[in-house]
Amino acid sequence: MLKIFSSPQSGRRFCDGVSRRSFLQVGGLAMGGATLPQLLAAEEKAGVGKSHKAVIMIYLCGGPPPQDMYDIRVDAPKEVRGEFNPIPTAVPGIEISEHLPMMAGMMDKLVPIRSIADAEGAHASHQCLTGHRLRPVPGGGWPEIGAVASKFQGPVEQGMPPSVSLCYTTQHKPYNEPGPGFLGLGNSSFRPKGPGRDDLILQGITLDRLSDRKQLLRSVDRLRREVDTTGAMDGMDIFSQRAFGILTSSGLFDALDLSKQDPKVLKRYGTGDEKRPKGDGAPRVPQNFLLARRLVEAGARVVTINYSFWDFHGQNFKNAKSELPVFDQALSALVEDLHERGMDKDVTVVAWGEFGRTPKINKNAGRDHWNRVSCALLAGGGMRTGQVIGATDRLGGEPVERPVKIQEVYATIYKNLGIDLGSQRLFDFRGRPQNLIEPGTQPLHELI
């Protein structure tokens, strides 16, 4: 098996369990009959490289409490209402939590959704990152959003993966990303947050030697694909091509390097320790919001983040007082940054968790799982911001106005990305046709 070694210690792995060496052990060059240079040439002709559409997806592990963030029920009884008070925002008539003052000040640039009505009750990232429920499962599984952008649009810049994951491996495995599903490993997200980041550096390998090894790898993998009957090797050609492109381009490394970032900008976002997970979720690392913006500027189409831990079964208000101000600072910094850089028309920001929380506060001063209504926060993407979508009842437990389906949110995201899902027929690993968006589902008309 051909390997490009980086150091004697480089047996370490990324958060998806794949080592950097394994990343270079697969693949060739073709993608559905079109070479990468042809794809790039087509995009250049279309003007994609000049200003590309992108999405930053922020997954809040564990399910944040809507009624303590965007939907405080001041008229609810004491056992439901909670400790927090609402504050006015930059948009008259819209109020949110007192612990989100920066978001309140830029509400004209945001869209809280208060009435997502079809979330599942499981602690899993699957629905947030794929737009689909856990069951039924197509052959190979549903693909996450980055894999869809990779499949339909490919890279913007050579050496920059179309999809980058800034997600950490979590103790609770269903919090982790579901992967590319039936779109194949060649459309996997690139994951630089694992301990194998040193393997990204060519140490002692010249570009000429790298080119020779790429030719040999292509020959070996051609034979391997011929004997593979599982379909797992499908898409490996582009996987390998992108791996070599990353190794010979500085764009990705520059975007990931915050050491040269203006300290004032870094301070605006805030910082956290990525080596200290919260609960069984992700670490609280607000600087990843800044990394996401830098990666999009460098050419990424989709950046996914798993952020902190929001499963507040006990001490909901104490935990929320700790989490909300940090999240408020980082999210508002990201949105402000996108506007200042003229990226707000192209980059869609989505922040949400897998479900909501119970209206009634439990005996441990916490809120339990509640999937009958949950929330999301959207920004950018050229959408009509400065509004709230949906409303809940007096207890904040049932949608009473504009119940929103997660598929509608995804239809909106795909539209913002410029992805025409009807341009390709998709089949799962069993050969069955699949739709990424259920027939008849439309983007949220309030935003378009």
Residue among ARG384, ARG367, ARG372 that is in a loop (DSSP other than H, G, I, E, B), touching a Leu at 6+ places or on another chain (Cβ under 8 Å) and not aromatic (Phe, Trp, Tyr): ARG384
Some residue of the stretch 343-355 being assigned to a helix (DSSP H, G or I) and among the aliphatic types (A, V, I, L, M): no
Residue check for ILE58: of a type in the set (Val, Ile, Thr), out of contact with any Pro (no Cβ under 9 Å at 6 or more places or on another chain), modelled with pLDDT of 95 or more and assigned to a strand (DSSP E or B): yes
Lone unmet requirement of (1) of a type outside the set (D, E, K, R); (2) touching a residue at least 60 places away in the same chain (Cβ under 8 Å); (3) surrounded by fewer than 21 Cβ atoms within 10 Å (Cβ to Cβ) for GLY381: (3)
Candidates GLN171, GLN158, GLN127, filtered to the one that is at pLDDT 95 or above and over 29 Å from LEU395 (Cβ atoms): GLN171
Single residue of MET69, MET102, MET106 found to be modelled with pLDDT of 95 or more and crowded, with 21+ Cβ neighbours inside 10 Å: MET69
Meets criteria (under 27 Å from VAL326 (Cα atoms), crowded, with 22+ Cβ neighbours inside 10 Å and in contact with a strand residue (DSSP E or B) (Cβ under 6 Å, 6 or more places away or on another chain)) for ILE96: no
Residue identified as in contact with a helix residue (DSSP H, G or I) (Cβ under 7 Å, 6 or more places away or on another chain) and of a type outside the set (Asp, Glu) among GLY179, GLY131: GLY131
Test: residue in the stretch 220-230 that is buried (at least 16 other Cβ atoms within 10 Å of the Cβ) and at pLDDT 80 or above: no
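Listed here are the residues, each with its yes/no results for (1) modelled with pLDDT of 95 or more; (2) crowded, with 18+ Cβ neighbours inside 10 Å; (3) in a loop (DSSP other than H, G, I, E, B).
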| site | (1), (2), (3) |
| --- | --- |
| LYS267 | yes, no, no |
| TRP310 | yes, yes, yes |
| ALA330 | yes, yes, no |
| LEU338 | yes, yes, no |
Any pair with Cβ under 9 angstrom, 6 or more apart, that starts in the stretch 430-448 at a residue that is more than 19 Å from LYS151 (Cβ to Cβ) and ends at one that is surrounded by fewer than 14 Cβ atoms within 10 Å (Cβ to Cβ) and among the basic types (Lys, Arg): GLU446/ARG384; LEU447/ARG384; ILE448/ARG384
Residues of the stretch 125-172 satisfying the condition of being among the β-branched types (Val, Ile, Thr), within 24 Å of LYS278 (Cβ to Cβ) and part of a loop (DSSP other than H, G, I, E, B): THR169, THR170
Qualifying residue in the stretch 403-424 (condition: among the polar types (S, T, N, Q), in contact with a helix residue (DSSP H, G or I) (Cβ under 6 Å, 6 or more places away or on another chain), surrounded by 18 or more Cβ atoms within 10 Å (Cβ to Cβ) and within 30 Å of ALA298 (Cβ to Cβ)): no
Filter result (among the charged types (D, E, K, R), farther than 17 Å from PRO143 by Cα and part of a loop (DSSP other than H, G, I, E, B)) within the stretch 396-440: GLU398, ARG402, LYS405
Residue identified as farther than 21 Å from PHE289 by Cα and surrounded by 24 or more Cβ atoms within 10 Å (Cβ to Cβ) among LEU166, LEU134, LEU183: LEU183
The stretch 340-368 residues that are free of Cβ contacts under 8 Å to residues at least 40 places away in the same chain, paired with ones that are part of a loop (DSSP other than H, G, I, E, B) (beta carbon under 7 Å, 6 or more apart): LYS345/GLY382; THR358/ARG367; THR358/ASP368
Count of the stretch 61-85 residues which are within 29 Å of the chain's Cα centre (by Cα) and outside any loop (DSSP other than H, G, I, E, B): 3
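The values are calculated or read from the model by the stated rules, or taken from the named source; none is laboratory data. Here the structure is a predicted model, which is why all the values come from computation and not from measurement. Here the Cβ is made from the backbone with ideal geometry for all residues, glycine too, and neighbour counts use every protein chain on show.
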